[in-house]
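Novice: The structure is given below, and queries will be raised subsequently.
The values are calculated or read from the model by the stated rules, or taken from the named source; none is laboratory data. This is a predicted model, so every value here is computed, not measured. Every residue, glycine as well, gets a Cβ built from its backbone with ideal geometry; the counts of neighbours run over all protein chains shown. Remember, those area values only see protein heavy atoms, side chains included, never the ligands or the DNA or RNA. Shrake-Rupley method; radii C 1.70, N 1.55, O 1.52, S 1.80 Å.
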Amino acid sequence: RHISGGRAKQWHCPGLKRIECASANESQVIIGFAGGEVRYFELDPVSGNLMESATREMGADVCCLDVGIISSGRSRSLFAAVGCRDLSVRIVSLEPGHLLTQRSSTALKARPHSVALQQMGSSTTPGGSDVSMADTVLTVGLDDGSSVRVSVDAVTGGIGTNPTRRFLGARPVSVSRISLESSSSTLLLSSRPWISRLDTTSGKHIMGPLSYVPLDHGYSFSSDAIREGIVGTAGKTLRILSVDSSGMGGDDESFNTNKCPLRYTPRQMTLLATGGGNNAGADQQQQQQQRKLVLAVVESDYNDFGMEAKNAMGFDASGEGKDVKKQSADGDGMDMEDSDDDEEKEEKKDDMDEDDEEEDEEEKEARATPIRGPLPPGPGHWGSCIRLVDPSDDCNTLDCVELARNEAALCCASVRFHSRGGEP
């Protein structure tokens, strides 16, 4: 739909075609259909109507596209990026007379999930005019959790030959344009949010993760209170945040934190490389894809019972046993019929439900604090376990092995058995 002057004009897909993706700026719209067809629309400056200008078959299903932004002093974006399911990204022209003509393409190692064309490196005067030429950069988010950044020739639309690839997380990468310190930056969303920008001091592109919860969607946001911010969604919540770029790059590297609950005091940890051993039947690329890094943590506490002994004593550190007792107590009442006091009972029941909800929230907050278990009657008691954590997936625990009674793990190291083909 095109809404202008309080009126909405609707364009219907011809036949049984289905829209897969779309992108728009101030005066241009590009739409990708199922089957690989792309249609381009442009706003008529005289009538103000959105006019269909060109149609092209890409020869492969289109999974993402971006029409780019309109540079200062221009009336349209000159190029658009189209990501196809044949593991390629293509740059097509939006110049009059050469609409949707392919200018260049590049092959990828995974299916593109999102693309973004933007200009980085432009500096502006207080009046707003450009004083230096910006570099056109193509950023591609892939389904395998990695991103690719490559330069694009601003005149010919040719894609550079030296792309930069980086793994960001376990989820497909979504890419969107944002503004940071009055300069163009890129927001990349995977298992964690990342920001890519051009460092004005060194002239190099830097990328760093945000110390924030994973976002499902994100886009640039600006208001009177937040001049440069990000609006995003995480689950069922809408979040508005601002980014402090100090510390991104240079000697003061950015960081990201994740919390992983443990049973005992962590004593030592080491990285383990699982999969991708020296298998003669597998090529090097396949071994690299199967390779995964996990974190092994050894935990132990003196003067403490093991988890097996605590469970045998009926100790519940989470406090969930209270809920069971409460539910059983609520369900033990007998149903009695008293028509005269039904309304009063319903009102009292509503008040009690509200009080119960408040108590439940207080109990949940109290349970978040770890509870110290019972103390052993004498010395010589240890509680210990070995935990495997996946650092690429929010530090989720893959496995936890509880040691036998009075056994304690205090240190660990990563070794490989050469007699078993480099098995870790």
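Novice: Can you check how the C-alpha radius of gyration of the stretch 37-108 compares to 2.2 N^0.38 Å, as a plain ratio?
Specialist: That ratio works out to 1.15.
Novice: Could I ask something else about it? Can you figure out the FRET efficiency of Ala170 with Arg1, using R₀ = 41 Å and their beta-carbon distance, to the nearest 0.05?
Specialist: Once the sixth-power term is evaluated, E becomes 0.70.
Novice: For the stretch 1-75, give the percent of accessible area contributed by carbon and sulfur heavy atoms, probe 1.4 Å, rounded to a whole number.
Specialist: 49 percent
Novice: Quick check: pseudo-label points 7 Å beyond the Cα along Cα→Cβ at Arg56 and Leu375, how many nm apart are they?
Specialist: The answer from the label model is 7.7 nm.
Novice: Moving on. Over the stretch 1-145, give the accessible area per residue in Å² for a 1.4 Å probe, as an integer.
Specialist: Each residue of the stretch 1-145 exposes 51 Å² on average to a 1.4 Å probe.
Novice: I've got another one for you. Excluding ligands, DNA and RNA, what is the solvent-accessible area per residue of the stretch 176-227 at a probe of 1.4 Å, expressed in Å²?
Specialist: Result: 49 Å² per residue.
Novice: How would you rank 31-42, 136-147, highest first, on the average number of other Cβ atoms within 10 Å across their residues?
Specialist: For the peptides 31-42, 136-147, the packing ranking is 136-147, 31-42.
Novice: Leaving ligands and nucleic acids out of the surface, order Phe79, Phe417 by accessible area at 1.4 Å, largest first.
Specialist: The most accessible residue leads, giving Phe417, Phe79.
Novice: Protein chains only, probe 1.4 Å: how do Met207, Met51, Met58, Met269 rank by accessible area, largest first?
Specialist: These residues rank, largest area first, as Met269, Met51, Met207, Met58.
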